[in-house]
Ligand code: TYM
């Protein structure tokens, strides 16, 4: 189904990150690092700072503006070249919300009710959650499909939303008797598709975790990174010889996966080097590796943040290029749906 469903579309990658709080090691390994690999493989890539998604929960306006620029700096510092890729913030391209509304009318309540992230984020008091938090996956489908994107690199936690995007595309195509939207593929690959909390190996590392000790932030100092890894929860067993033997040891598995992803090797290779050693030996090596990868990114982010006007210029230019792709796709969508479009441009 999938090869045929996307065959007539040229390969295009789309992905997004929310500017809510800072970037975590989970965002970096699960998403950003892989965006850079995709860009460098020469695939046309569109990367979006999804500020409209961020406001589904309360955001202080000044902090949102700062987080948007800082995330842009993070993309660039990690290796996204805004000339080769398209990098912009979502609110500057209105096609996202326009198509988002159409998809809100395509998606079914039953589908939305199955979204586990809404249940997690809304928590026990779902009545007090915003309507936007509930409708959010329809906007995410619009983000992807406004570009006719065929591939969506994400971490494991976004898989269900990309699957919903596929359902929305298929229903739109079916209802209107067209083959207009591609059935986009989630791309969830590598050793770090789900980086876990440093305090609890059964919970995802997240920027919204109340404990800062649970995560590594891209802006953490070398000392903070080393200290967080030293204090990370582990167990008393030495490291085994093969990844299968990490079953039932979520914290140990998490640190091995983080090491593998940072070093660009497989978990098998990490264990080949560390089998039989305890965490007293492994943690300092992991801290050293993490600092060697993250410190230059963090330093470059700081340098870029010294010139916010330049960041804004880059996002503005990215938005113009994004608009040039999304607007004709949106106009064709309006035509398919039956809207009269008689205003002069
Ligand atoms: P967000 O902002 O929560 O996360 C951005 C990306 O980081 C990945 N990620 C992780 N990967 C591995 N381990 C973790 N602990 C971890 N935490 C986060 C996420 O999977 C994601 O790839 N809804 C999306 C943003 C979005 C989007 C889109 C993504 C909006 N529109 C269209 C792709 C395509 C979100 O909230 O991601």
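Applying Stokes-Einstein at 20 °C and 1.002 mPa s to the Kirkwood radius of the range 1-94, computed over alpha-carbon pairs, gives a translational diffusion coefficient of 152 µm² s⁻¹. The tail of the calculated P(r) for the chain beyond 31 Å holds 36 percent of all Cα-Cα pairs.
For the range 25-79, a Kirkwood radius taken over Cα pairs fed into Stokes-Einstein (20 °C, viscosity 1.002 mPa s) yields D = 173 µm²/s. In this structure, residue 289 and residue 170 have a Cβ-Cβ separation that, at R0 = 51 Å, corresponds to a calculated FRET efficiency of about 0.75.
Helix 250-263 axis versus longest C-alpha principal axis of the chain: approximately 80°, rounded to the nearest ten.
Out of every Cα-Cα pair in the range 169-234, what percent are more than 16 Å apart?
Everything past 16 Å amounts to 62 percent.
Just so you know, the Cα atoms of the range 212-303 work out to an Rg and Dmax of 13.3, 43 Å.
Helical runs (DSSP H, four residues minimum) scored at -39500 (n - 2.57) apiece and divided by the length of the chain put the mean residue ellipticity at 222 nm at -16500 deg cm²/dmol.
Compared with the dominant principal axis of the Cα atoms in the chain, helix 61-78 is inclined by about 70°.
Rg over Rh for the range 42-189 works out to 0.96, using Cα positions for both radii and the Kirkwood form for Rh. Kindly express, to the nearest 10 degrees and within the range 0 to 90, the angle between helix 308-337's C-alpha long axis and the longest C-alpha principal axis of the chain. For 308-337 against the chain, the angle is about 50 degrees. Relative protection proxy for 61-68, 22-29, 123-130, from highest mean packing down: 22-29, 61-68, 123-130 (other beta-carbon atoms within 10 angstrom).
Of all DSSP-defined beta bridges confined to the chain, some 15% are antiparallel rather than parallel.
Each value in this text was obtained by applying a stated rule to the coordinates, not by laboratory testing. Predicted model only: the values in this text are computed from it and were never measured. As a convention, Cβ positions derive from the backbone with ideal geometry for all residues, glycine included, and neighbour counts pool all protein chains shown.
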